[in-house]
1. Amide H to amide H under 5 Å from residue 59: which residues, 5+ apart in sequence or cross-chain, H placed 1.01 Å off N in plane?
2. Mind checking segment 59-99 for chymotrypsin sites (Phe, Trp or Tyr not before Pro) that DSSP puts in a loop (not H, G, I, E or B) and that have at most 14 other Cβ atoms within 10 Å?
3. Residue by residue through segment 64-75, what is 3J(HN,Hα) from phi via Karplus (6.51 cos²θ - 1.76 cosθ + 1.60, θ = phi - 60°)? Round to whole Hz and write x for glycine and proline.
4. With semi-axes √(5λ) of the Cα gyration tensor in Å in mind, check [x] 22, 17, 16; [y] 34, 19, 11; [z] 38, 16, 12 and report the label derived from this structure.
5. Give me, ordered by chain and number, the residues 5 or more places off residue 46 or on other chains with an amide H under 5 Å from its own placed amide H.
6. Each residue of segment 82-91 in turn: what ³J(HN,Hα) in whole Hz from Karplus with 6.51, -1.76, 1.60 and θ = phi - 60°, glycine and Pro shown as x?
7. From the phi angles alone, apply the Karplus equation (6.51, -1.76, 1.60; θ = phi - 60°) to segment 138-154 and give each ³J(HN,Hα) in whole Hz, x where the residue is Gly or Pro.
8. Given a 1.4 Å probe, how much area per residue of the chain is accessible, in Å²?
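The values are calculated or read from the model by the stated rules, or taken from the named source; none is laboratory data. As the structure is a prediction and not an experimental result, all values here were calculated from the model. Cβ: placed from backbone, ideal geometry, glycine included. Neighbour counts: every protein chain shown. The accessibility values were calculated without ligands, DNA or RNA, using every heavy atom of the protein model including side chains. Shrake-Rupley method; radii C 1.70, N 1.55, O 1.52, S 1.80 Å.
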Amino acid sequence: MSGVNLTQLKQCIIEPSLADLGLGGDVAVNLLAGTALVESRGAYLKQVGGGPALGLWQMEPATHDDCWNNYLRYSGARHYAVILEGMLAQDQPRCQQLVSNLRYACAMARTRYFRARDALPSVSDPQALSRYHKVWYNTCLGAADAQANVALFQAAIKA
């Protein structure tokens, strides 16, 4: 199955979404593009096999809610919460918008990464981007294989 055109995803969704948050830049854009490729092949809006993950970035509802409950609701992150709330459509619950609202889903994935303790890796190092994804997004319990996903991050860098 083919997915969204990666160059268009970067230019039309990822770059403006991250710029709105004030958390953009080339490395963040490449990281989010690679994450979409790894997590959903840039194609699937619901987890294959019936799991809980949603959207191109395959964020689980529990992770989404954790970002809101344990980060965005506190004063130090209130600025980001206001921006994210402005991205929301009014006719769907927040979590459901991980499927239907690419801008919001992308911004929530970036929020997940923003909470990481480590600095973002090099913009043009697919191995480092893949490792960063595994540690800070997929986690040790997830199925992602940092070595196997290097090619996907390389594709994200080239797009």
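1. Counting only residues 5 or more places away or on other chains, the set is 54.
2. When the chymotrypsin sites (Phe, Trp or Tyr not before Pro) of segment 59-99 are filtered for loop state and at most 14 Cβ neighbours within 10 Å, 74 remain.
3. Computed from phi, the couplings for segment 64-75 are 4, 5, 5, 4, 6, 6, 10, 9, 5, 7, 8, 4 Hz.
4. Among [x] 22, 17, 16; [y] 34, 19, 11; [z] 38, 16, 12, the one calculated here is [x].
5. 55
6. In residue order, the calculated couplings are 4, 5, 4, 4, x, 7, 6, 7, 8, 9 Hz.
7. 7, 6, 5, 8, x, 8, 4, 10, 4, 6, 5, 8, 4, 4, 5, 5, 4
8. Numbers: 7780 Å² over 159 residues.
Per residue, the chain has 49 Å² of solvent-accessible surface.
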